Each structure stands twice: as structure tokens, then as C-alpha cells.
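Student: Here you go, one structure.
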Amino acid sequence: MKIQVNTDRNVEGSEALVQMVEAEVQYGLDRFDDRLTRVEVHLGDESGEKDGSGADKRCLLEARPTGMQPVVVTDFADTVEQAVVGATGKMQSLLNSTFGRIDGRDSDATIRQDEPT
């Protein structure tokens with residue numbers, strides 16, 4: 001699984017930030033590693049240079065499962081780091097349900113094929 005980190009003009013894409021994001025996403029989505037080709041991380045600051053209050057840091061995660069359409073989640077938080085953690089948790093849930101449905105459908109087909117007619 002390749003992880004690509006992108007930032008808008010309001011978020012400094014320092015090496016330390018990129019390493020933190022890559023580590024968090026890799027750790028959080030590691031169990032899906034063989035089922036994902038790439039994860040794109042888009043970080044942004046919605047208020048920019050203005051004095052924004054509240055959750056204005058955005059993390060959008062786009063995961064690309066092998067042979068499927070990409071899936072996307074977004075999280076907003078007070079800090080970029082918190083937004084990354086929140087989005088990673090949302091992506092875990094989405095991938096659990098997505099792959100759970102696929103795996104359940106595959107096991108149902110196997111059971112039906114093995115049943116005597």
C-alpha cells in the first residue's frame with residue numbers, strides 16, 4: 001500500500017508532518033495492506049490565515065481497494081494530527097464494512113455451491 005500525502009497552501013507539508021501522517025495511516029490501515037493499492041491523504045486548513053475557531057483542520061482520506069472504486073472519508077478537528085487520527089478511524093470502519101460485505105457475499109456463494117441439490 002502506497003501512501004501519498006498532499007497539503008493545501010495553508011498547511012506546511014514538513015517532513016515531520018508527512019512522517020507522522022504516513023505512520024498513523026500505515027498503523028491504522030495495516031490489516032488492509034494487501035487489499036489496498038494506494039491511500040491518498042489530503043490535508044487542509046479551512047480557515048486559512050484567518051482566525052478560525054473550532055474544527056477547521058481537514059483530513060480527507062481516499063483509499064483505493066484493488067479492483068474497486070475508491071472510497072473516501074473526511075474528518076475535521078482542531079489540529080491536523082487529530083484530523084488524521086479521526087479520518088483514519090473512519091476509514092477503518094468503512095473498509096471493515098466494505099470488505100465484510102464482500103467477504104460475506106463470497107462465503108455465501110461458497111456455501112450455496114457446496115450444498116446438495
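The values are calculated or read from the model by the stated rules, or taken from the named source; none is laboratory data. Just so it is clear, the model here is predicted, and its values are computed rather than measured. Reconstructed Cβ throughout: ideal geometry from the backbone, glycine too, with neighbour counts over all protein chains shown.
Student: Whether any residue in the stretch 59-82 is among the aromatic types (Phe, Trp, Tyr), surrounded by 15 or more Cβ atoms within 10 Å (Cβ to Cβ) and in contact with a strand residue (DSSP E or B) (Cβ under 6 Å, 6 or more places away or on another chain) is what I want to check.
Tutor: Of the residues in the stretch 59-82, the ones among the aromatic types (Phe, Trp, Tyr) are 76.
Now drop any that are not surrounded by 15 or more Cβ atoms within 10 Å (Cβ to Cβ), which leaves 76.
Among the residues that remain, those that are also in contact with a strand residue (DSSP E or B) (Cβ under 6 Å, 6 or more places away or on another chain) are: 76.
There is at least one residue in the stretch 59-82 that is among the aromatic types (Phe, Trp, Tyr), surrounded by 15 or more Cβ atoms within 10 Å (Cβ to Cβ) and in contact with a strand residue (DSSP E or B) (Cβ under 6 Å, 6 or more places away or on another chain).
Student: Separate question: Sort out which residues of the stretch 2-21 are surrounded by fewer than 17 Cβ atoms within 10 Å (Cβ to Cβ) and either out of contact with any strand residue (DSSP E or B) (no Cβ under 6 Å at 6 or more places or on another chain) or under 12 Å from Glu40 (Cβ atoms) (or both), and write them in order of number.
Tutor: Lys2, Gln4, Asn6, Arg9, Glu12, Ser14, Glu15, Ala16, Gln19, Met20, listed by residue number.
Student: Now for a separate question. Got a number for residues in the stretch 81-117 being among the hydrophobic types (A, V, I, L, M, F, W, C) and at pLDDT 95 or above?
Tutor: Of the residues in the stretch 81-117, 7 are among the hydrophobic types (A, V, I, L, M, F, W, C) and at pLDDT 95 or above.
Student: Tell me, which strands (runs of 3 or more DSSP E) wholly within the stretch 1-76 include 3 or more residues that are under 13 Å from the mean Cα position of the chain (by Cα), of a type in the set (S, T, N, Q) and modelled with pLDDT of 95 or more?
Tutor: Where strands (runs of 3 or more DSSP E) fall fully within the stretch 1-76, none carries at least 3 residues being under 13 Å from the mean Cα position of the chain (by Cα), of a type in the set (S, T, N, Q) and modelled with pLDDT of 95 or more.
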